[in-house]
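Student: Have a look at this one.
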Amino acid sequence: MQNFSLKNPLDMHLHLREGDMLASVLPYTSKSFAAGVIMPNLKTPVCTTKDAKNYESQIRALAPDFQPLMTLYITQGLHAKELEVARASSYKILKLYPKGATTNSSDGIQNILDAQVLEVLEIAQELGFILSIHGESNGFSMDREYEFASVFTTLAKCYPKLKIIIEHMSDHRSIRLLEDFENIFATLTLHHITMDLDDLLGKNLSPHHFCKPILKTKKDKEKLLELALSAHPKVCFGSDSAPHLLQSKLQNGAAGIFSAPCLLESLITLFEEHGALENLQAFVSDNAIKNYQITLEKERIFDFQKTPCTIPKAVKTKDGEIIPLHAEKSLPWSRV
């Protein structure tokens, strides 16, 4: 096969940051995806409808053809009235971060099963929200997602009409939750289905492969890849592309992999290698449209040809460089 097309590819978990970094990284997403779910964990989190509208307007001004699907950050201060205002503005995704679990999560929830939080989730269920969760405990890093399964179980049972998303599933032991609960779904990243702990520290320590949830075992990678290649109907693609300046990665060990420059080219290559190209459309678009009930503003077709492309060595911002996943690597497919 020499040519391949994708209709309305979607990135269902995306960090764009703000200011100059937003302007620098957004083109890598807007040229490859019709829409994306925008994470709210900015330095000042997106907690209100007003915040979301302001952030959305910044994104649309820079990328008019790209449809940002905004999210609201769940904090202890979130209340019923704000949820009603958000739904009236067509926002329907809430993001829950355990406090301290990842970048800019200091405003997250300390006790997720707190009565006040559960009351908010009850209202969210009534209003038809989708609950996306960074599902990790504060335990041993390799077991954090597994330990969080009890929280997913409790929430799924308490709120059976609330769609719950296991964001960036990284542990194969989480897969059973998709089968056990009708209202639990998941997103998968490129890095968790193609990389494992050895890619982070098996040879030399690679700070550009450090992320949360951390890369896990070969078995986890293989089982999650099977989910993706089969385009399991409850799973869709969400890159969790998370840019950090080079100095933050090297000096502060910032968690996040900036994968936006190589995503679709890598996925086409991966699915072709495994004889599963016919399932890529569902994985990167159709499943998400169905599961999130997305209405797209316009239809976009993205064409690719089997001509090598080279991933940039770095993306420059006025404050420094961002190193992308697969920097300087040649991939066999490129965007037409």
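Just so you know, all these numbers are worked out from the coordinates, no wet-lab data involved. Here the structure is a predicted model, which is why all the values come from computation and not from measurement. Here the Cβ positions follow ideal geometry from the backbone for every residue, glycine too, while neighbour counts run over all protein chains shown.
Student: Pull up the DSSP beta bridges for segment 3-335 and report the antiparallel fraction as a percent, rounded to 5.
Tutor: Once the DSSP bridges in segment 3-335 are tallied, antiparallel ones form about 30 percent.
Student: OK, next. Taking the Cα atoms only, what angle lies between the long axis of helix 49-62 and the longest principal axis of the chain, rounded to 10 degrees?
Tutor: Value to nearest ten degrees: 20.
Student: Would you kindly state how much longer the chain becomes between ILE301 and SER230 on full extension, computed as 0.36 nm times their sequence separation minus their alpha carbon distance, in nm to one decimal?
Tutor: Extra length from ILE301 to SER230 when fully extended: 23.3 nm.
Student: So for segment 3-335, taking the charge dipole from beta-carbon charges (+1 Lys/Arg, -1 Asp/Glu), which of LEU201, ILE311, LEU325 sits furthest toward the positive end?
Tutor: Most positive-ward Cα: ILE311.
Student: Still on this structure, I have one more. Quick one: length gained pulling ASN54 to THR217 fully straight, 0.36 nm per residue minus the C-alpha distance?
Tutor: Going from the current span to full extension adds 54.7 nm.
Student: Additional query: Hey, rough spin-label estimate for LYS7 and LEU62, points 7 angstrom out along Cα→Cβ, what's it come to in nanometres?
Tutor: 3.1 nm
Student: Report, in listed order, any pair from LYS99/LYS216; LYS95/LYS219; LYS31/LYS313; LYS218/LYS316; LYS53/LYS92; LYS249/LYS329 with a Cα-Cα distance greater than 24 Å. Working shown, then result.
Tutor: On the way: LYS99/LYS216 22 Å; LYS95/LYS219 28 Å; LYS31/LYS313 18 Å; LYS218/LYS316 33 Å; LYS53/LYS92 13 Å; LYS249/LYS329 20 Å.
Going by Cα-Cα distance, LYS95/LYS219; LYS218/LYS316 fall outside the 24 Å limit.
Student: Once Kirkwood radius over Cα pairs in Å is worked out from the coordinates, which option in (1) 20.0; (2) 21.1; (3) 22.3 does it equal?
Tutor: This structure yields the entry labelled (1).
Student: Taking the Cβ of PHE152 as the center, what net charge do the other residues with Cβ under 12 Å away carry, scoring Lys and Arg +1 and Asp and Glu -1?
Tutor: Counting the neighbours of PHE152, the net charge comes to -3.
Student: Right, something else. Taking 0.36 nm per residue of separation and subtracting the Cα-Cα distance, what length does fully extending ALA314 through LYS203 add?
Tutor: Taking ALA314 through LYS203 to full extension adds about 37.7 nm, to one decimal.
Student: Can you tell me the dipole magnitude for the chain around its Cα centre, using point charges on the Cβ only (Lys, Arg +1; Asp, Glu -1), in Debye to the nearest 20? Kindly include the intermediate steps, with their values, before the conclusion.
Tutor: On the way: 36 positive and 40 negative charges, 94 e Å.
Once rounded to the nearest 20, the dipole reads 460 debye.
Student: Positive end of the dipole of segment 214-313, charges at C-beta (+1 Lys, Arg; -1 Asp, Glu), about the Cα centre: which of LEU250, ALA282, TYR292 has its Cα farthest in that direction?
Tutor: LEU250
Student: Hey, another quick one. About the Cα centre of segment 5-62, what is the dipole size in debye to 20, counting +1 per Lys and Arg Cβ and -1 per Asp and Glu Cβ, all else neutral?
Tutor: So the magnitude is around 100 debye.
Student: Among ASP303, ASP286, ASP319, what is the fewest-to-most ranking by other Cβ atoms within 10 Å?
Tutor: ASP303, ASP319, ASP286
Student: For segment 65-123 and segment 242-270, what is the separation of their Cα centres, given in Å?
Tutor: So the two Cα centres are separated by 25 Å.
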